[in-house]
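Working notes, beginning with the structure itself.
The values are calculated or read from the model by the stated rules, or taken from the named source; none is laboratory data. Since the structure is predicted, the reported quantities are computational estimates derived from the model, not experimental observations. Neighbour counts are summed over all protein chains in view; Cβ atoms, including those assigned to glycine, are modelled from backbone coordinates with ideal geometry.
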Amino acid sequence: MSKVEEKVNTLVTKIEKDETEYLRLKAKCYRFDQSEWKERGEGDVVVAKSEKGFRVIQHRDLTGKCAVNFMITKECDIANLNNNAKAITVGCVDYSDGSEGKTTIFAFRFKEEEKATEFKAYITDISEGKQVEKKEEKKEEKKEEEKKDVSVEGK
């Protein structure tokens, strides 16, 4: 792995020291601009909690640049995109382009419907002030993935 790739990987996975990661899912992000959706980037969407509250952040996989950065508040408008079960829209105030917030509508598209449902439930529950639990990857799931990786390498 080159030094550039290592630096990007560090940027992509890093959250602030005072934050706790609650959820991490891979998604492609779009931003609604004037009358069309524009691709914002692809990478891990992270829900993190600090003393200030919960926020959603996403860094682009290839460049490490921040694509999404918004606080989850009761004003966030959350819905499915055109009844697409794999795509979720969130209306929010985004801070990814600087310190001044900008009212934005994001669409997050997931590969699996279950991931989209999980993301939507997390954001909705947090915005309604409900208690959420940290998403811990089950040990059994990790073991199954490791077995698959080993069997693929063995062929």
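Exactly one residue out of Glu136, Glu146 is at pLDDT below 75, assigned to a loop (DSSP other than H, G, I, E, B) and over 20 Å from Ala85 (Cα atoms), and it is Glu136. Among Lys115, Lys74, which is touching a Leu at 6+ places or on another chain (Cβ under 6 Å) and either basic (Lys, Arg) or at pLDDT below 90 (or both)? Step by step, each of Lys115, Lys74 is checked, and only Lys115 is touching a Leu at 6+ places or on another chain (Cβ under 6 Å) and either basic (Lys, Arg) or at pLDDT below 90 (or both). Would you check which residues across region 82-107 are buried (at least 17 other Cβ atoms within 10 Å of the Cβ) and over 16 Å from the mean Cα position of the chain (by Cα) and list them? Result: no residue meets the conditions. Tell me yes or no: at least one residue of region 55-68 is under 15 Å from the mean Cα position of the chain (by Cα), surrounded by fewer than 17 Cβ atoms within 10 Å (Cβ to Cβ) and under 15 Å from Trp37 (Cα atoms). Looking through region 55-68, none of the residues is under 15 Å from the mean Cα position of the chain (by Cα), surrounded by fewer than 17 Cβ atoms within 10 Å (Cβ to Cβ) and under 15 Å from Trp37 (Cα atoms). In the set (1) modelled with pLDDT under 90; (2) charged (D, E, K, R); (3) over 17 Å from Val68 (Cα atoms), Lys14 fails one condition alone, (3).
Only a single criterion out of (1) surrounded by 15 or more Cβ atoms within 10 Å (Cβ to Cβ); (2) more than 18 Å from Glu19 (Cα to Cα); (3) in contact (Cβ under 8 Å) with a residue 60 or more places away in the chain is not satisfied by Gly43, namely (3).
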